[in-house]
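> The structure follows.
The values are calculated or read from the model by the stated rules, or taken from the named source; none is laboratory data. Just so we're clear, the structure is a prediction, and the values are computed from it rather than from any experiment. Ideal geometry is used to build each Cβ from the backbone, glycine not excepted, and the neighbour counts take in all protein chains shown.
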């Protein structure tokens, strides 16, 4: 369904439902700033523990599933866990992306702990991506506080639209890559490798859109109404998917999981991907030497360190992992772009004129804390 046709249908629907129905409808996108602070029901956590863990939870994850839990052992001593109920089995059957996401959580945790004057001592527990207990962490009080600005954690945002096509400036790129040049690769929009990823991203998204288990998984994680989004505090909201205005109103009030499985929804998604890949400064790829749990966690941390730098340069990054999730596109990727290492992240990047505020929702800390068994 093209945009003109969609808007025409939406306008017709608005007239049909009438003014009274509109007044009682879900009229605006729910965003993070709309969420009231959760009641403090957990009396075990100390205030700074709770703040550190909330900041850690602002890490990115596929479909915003937030696939982590924290097992409380004693004050400042926890186990970071892998929440199997949040796995995306259709697009991430080996839980590779899950472990990468837990790595981003751990990086946020370390930055947040440092801002409160704690260092982190780690003990890796997981041997496979499926192990429930991933990392033991103890926070140790230090004399000098980490000077990292935690406002960067709060303002991090995945942006999907309105990228400029100017390639990244050398000085900006140098700042972003900094100490990790072996694992971060920039493919400017003018390169043939970038054009290849543009094309294959469209191909992979079409494959995934018509692979019913993957599309159903997407449907399961879309929070169509504000009420649904507020109840779950995770998943993909209309705000997070950047469906605004009358289109957002239609989706919030008239769409459900069944709509996601219809061909017009699938085609609309593919059209959106085509538009997105046509607007960028190119791609940033993050690689690793192997696929061990330790390496995937560290690679997730590398990505999060990058993600927390881009906003100050007015640069956006949009993770687009479909090439890695579809077998046929993944098999040809390395050879086609001349990279031998394991590719773990594919990030569309570009400058923005205006950086929007954070909108994706997060579960309260009480929602992912588990007491010692």
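> Please find, within the range 164-181, the residue that is modelled with the highest pLDDT out of those that are within 25 Å of residue 301 (Cβ to Cβ) and assigned to a loop (DSSP other than H, G, I, E, B).
168
> From 111, 118, which residue is assigned by TED's automatic domain parsing to the domain that holds residue 75, farther than 19 Å from residue 71 by Cβ and buried (at least 21 other Cβ atoms within 10 Å of the Cβ)?
Step by step, each of 111, 118 is checked, and only 111 is assigned by TED's automatic domain parsing to the domain that holds residue 75, farther than 19 Å from residue 71 by Cβ and buried (at least 21 other Cβ atoms within 10 Å of the Cβ).
> Of the residues 187, 139, which single one is closer than 24 Å to residue 326 by Cβ, more than 20 Å from the chain's Cα centre (by Cα) and assigned to a strand (DSSP E or B)?
187
> With respect to residue 276, is the statement that it is assigned to a helix (DSSP H, G or I), farther than 29 Å from residue 82 by Cα and in contact with a strand residue (DSSP E or B) (Cβ under 9 Å, 6 or more places away or on another chain) true?
Yes.
> Also: Determine whether residue 193 is at pLDDT below 95, touching a helix residue (DSSP H, G or I) at 6+ places or on another chain (Cβ under 6 Å) and in the same structural domain as residue 235 (by TED's automatic domain parsing).
So residue 193 fails the test.
> If we keep just the residues of the range 204-218 that are surrounded by fewer than 17 Cβ atoms within 10 Å (Cβ to Cβ) and assigned to a helix (DSSP H, G or I), which is nearest to the chain's Cα centre (by Cα)?
216
> A further question on this structure: Which number in (1) at positive phi; (2) surrounded by 13 or more Cβ atoms within 10 Å (Cβ to Cβ) marks the one condition that residue 138 misses?
It is condition (1) that residue 138 fails.
> Against the condition surrounded by fewer than 19 Cβ atoms within 10 Å (Cβ to Cβ) and either assigned to a helix (DSSP H, G or I) or within 22 Å of the chain's Cα centre (by Cα) (or both), how does residue 161 come out, does it pass?
Here the answer is yes, as residue 161 does meet what is asked.
> Scanning for something assigned to a helix (DSSP H, G or I) and buried (at least 20 other Cβ atoms within 10 Å of the Cβ), does the range 332-348 turn up at least one residue?
There is no residue in the range 332-348 that is assigned to a helix (DSSP H, G or I) and buried (at least 20 other Cβ atoms within 10 Å of the Cβ).
> Within the range 301-331, which residues are in contact with a helix residue (DSSP H, G or I) (Cβ under 8 Å, 6 or more places away or on another chain), farther than 26 Å from residue 57 by Cα and either without any contact (Cβ under 8 Å) to a residue 40 or more places away in the chain or in a helix (DSSP H, G or I) (or both)?
Residues satisfying the conditions are 323, 328, 329, 330.
> Also, I was wondering about something else. If I ask for residues that are farther than 25 Å from residue 326 by Cα, in a helix (DSSP H, G or I) and touching a helix residue (DSSP H, G or I) at 6+ places or on another chain (Cβ under 8 Å), which ones from the range 219-229 would you list?
226
> Under 9 Å by Cβ, and 6 or more places apart or on different chains, what pairs join a residue from the range 26-53 that is assigned by TED's automatic domain parsing to the domain that holds residue 111 with one that is modelled with pLDDT under 85 and surrounded by 14 or more Cβ atoms within 10 Å (Cβ to Cβ)?
50/42
Table: residues versus (1) in contact with a helix residue (DSSP H, G or I) (Cβ under 7 Å, 6 or more places away or on another chain); (2) within 20 Å of residue 345 (Cα to Cα).
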| residue | (1), (2) |
| --- | --- |
| 66 | yes, yes |
| 82 | yes, yes |
| 98 | no, yes |
| 103 | yes, yes |
| 110 | no, no |
| 120 | yes, no |
| 127 | yes, no |
| 135 | yes, no |
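> In the list 184, 222, 243, which residue meets the criterion of being at pLDDT below 95 and surrounded by 18 or more Cβ atoms within 10 Å (Cβ to Cβ)?
Selected residue: 243, the only one of 184, 222, 243 that is at pLDDT below 95 and surrounded by 18 or more Cβ atoms within 10 Å (Cβ to Cβ).
> Being out of contact with any strand residue (DSSP E or B) (no Cβ under 6 Å at 6 or more places or on another chain) and farther than 24 Å from residue 316 by Cα is true for just one of 148, 116. Which residue is that?
Just one listed residue meets the conditions, 116.
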